[in-house]
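So the structure is just underneath, and the comments pick up after that.
The values are calculated or read from the model by the stated rules, or taken from the named source; none is laboratory data. This is a predicted model, so every value here is computed, not measured. Here Cβ is always computed from backbone atoms with ideal geometry, including for glycine, and neighbour counts include all displayed protein chains. Just the protein is used for accessible areas: all its heavy atoms, side chains included, with ligands, DNA and RNA removed. Shrake-Rupley method; radii C 1.70, N 1.55, O 1.52, S 1.80 Å.
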Amino acid sequence: MDLSRIPLILAPTPVHRLDRLSMELGLDLWIKRDDLTGFAMGGNKGRKLEYLLAEAIHQGAETVVTCGSTQSNFVRQLGTACAMLGLHCVAAVMELPYAAAYGKPSSEHAGFGGNLILDHIVGVELHRFPNDDWEVLYDHAEHLAIRAEERGQRVYRIPVGGSSGLGGFAFAKAAEELGGDFDCVVTPCSSGSTHAGLAYGFHGTKTRVIGVACDPEPDIMEDLVRVAHEIDDLTGQGVRLREEDFDFRLDWAGEAYGIPSAEGIEATRRLAVTEGIFLDPVYTAKGFAGLLGLAEAGELSGRVVFWHTGGLPALFAHE
Ligand SMILES: *Cc1c(COP(=O)(O)O)cnc(C)c1O
């Protein structure tokens with residue numbers, strides 16, 4: 001089935017074997033290059049935006065409001081797409097949003113350079129707030145949306161990371177794009193629609209999807225189930241995924257969202273020196289550290305593919 005879509009990325013993105021690392025790990029390891037979408041410096045958010053912004057335009061929106069971290073890859077790609085489509089993009093950001101329930105991170109996060117430079121180039125209206133809980137950030141975004149409406153703007157709201165049913169639907173379609181050649185897909189997971197969409201798309205096939213959390217927040221599981229149900233509401237297929245349908249791992253999330261982990265830094269080095277491919281410190285480094293850890297534990301077999309979700313500008317915002 002198809003929903004209305006505005007083309008932004010070059011699809012299909014490349015998929016290729018990692019020969020040297022396969023040899024080292026004794027694994028048949030491949031990589032799906034969503035870092036090479038050809039849109040706004042790459043990354044998984046381009047797929048979601050094709051559907052989200054089609055809906056925004058259809059609803060007659062003039063302003064789009066979202067939220068994220070100051071180094072949000074989503075805000076960078078959303079802001080770029082909005083500029084292209086004549087929409088105004090407003091974003092509420094914090095350097096280090098976190099969930100108070102899981103502890104306050106001790107480290108400081110880089111708050112300049114990286115994605116912020118790109119947001120500035122495309123004219124995102126960025127509102128920076130002090131570090132706090134995600135819920136506080138959502139409230140700030142809602143407040144900005146209401147303010148825009150009071151100025152007479154028609155507003156389209158997008159949740160953090162574009163993780164609505166439409167965002168997830170884009171990844172159910174991406175599962176079709178990859179096809180059935182793989183036994184296992186490993187993807188970083190944060191706001192959830194990448195993992196939820198892939199799990200939905202591959203449900204009932206031989207391909208198992210493992211999501212590696214980038215935030216130490218177990219309640220992401222609730223988001224996975226919610227997004228999968230929202231995808232199902234869109235497709236009408238009656239595939240109601242439950243918690244046990246998701247293979248979601250918290251072991252490589254590190255101290256907090258946005259704080260690089262030692263394993264992630266080592267995974268970044270390893271992929272760069274064996275295959276010439278860089279990872280970002282916030283998501284893909286942790287995701288790939290998870291893949292390496294699972295391989296070491298003997299949990300991966302057959303043909304395995306790592307979903308490279310992009311995020312490279314954030315490499316230049318960390319020490
Ligand atoms: C947003 C993002 C993710 C996480 O995807 P979700 O759909 O939010 O779980 C992974 N990698 C990169 C580079 C991202 O920007």
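Here are some notes:
- Rounded FRET efficiency, nearest 0.05, which uses the C-beta distance separating M1 from E243 and R0 of 30 Å: 0.75
- Pairs of Cα atoms farther than 29 Å apart, the chain, %: 31 percent
- Of K206/K286; K45/K286; K45/K104; K32/K173; K45/K206; K45/K173, pairs whose Cα-Cα distance is over 23 Å: K206/K286; K45/K104; K45/K206
- Surface exposure of the chain, expressed per residue as accessible area with a 1.4 Å probe, stands at 40 Å².
- Solvent accessible area, Å² - Y138, 1.4 Å probe, full protein context: 80 Å²
- Alpha carbon convex hull of the range 22-166, volume per residue in cubic angstrom: 154 Å³
- Over the range 123-245, volume per residue of the alpha carbon convex hull, in Å³: 136 Å³
- Cβ-isolated cysteines (cut-off 4.7 Å), the chain: C67, C184, C189, C214
- C67 long-range amide H proximity, modeled H, under 5 Å: A92, V160, G161
- Accessible carbon and sulfur surface of the range 88-131 relative to its total accessible area, %, 1.4 Å: 60 percent
- In this simple spin-label approximation, D181 and I146 carry label points 7 Å from Cα along the Cα→Cβ vector, and these lie 5.2 nm apart.
- Förster radius 35 Å - calculated FRET efficiency between K104 and I57, Cβ distance, rounded to 0.05: 0.30
- For the chain, the longest principal axis of the alpha carbon atoms and the long axis of helix 134-150 meet at an angle near 40°.
- Range of Cα positions in the range 77-139 per principal axis (Å), largest first: 40, 24, 15
- Estimated D of the range 222-319 in µm² per second, where Rh is the Kirkwood radius over Cα pairs and Stokes-Einstein applies at 20 °C, 1.002 mPa s: 140 µm²/s
- Taking the range 172-188 and a reference point 7 angstrom along Cα→Cβ of R17, the backbone N atoms nearer than 19 Å belong to 178-186.
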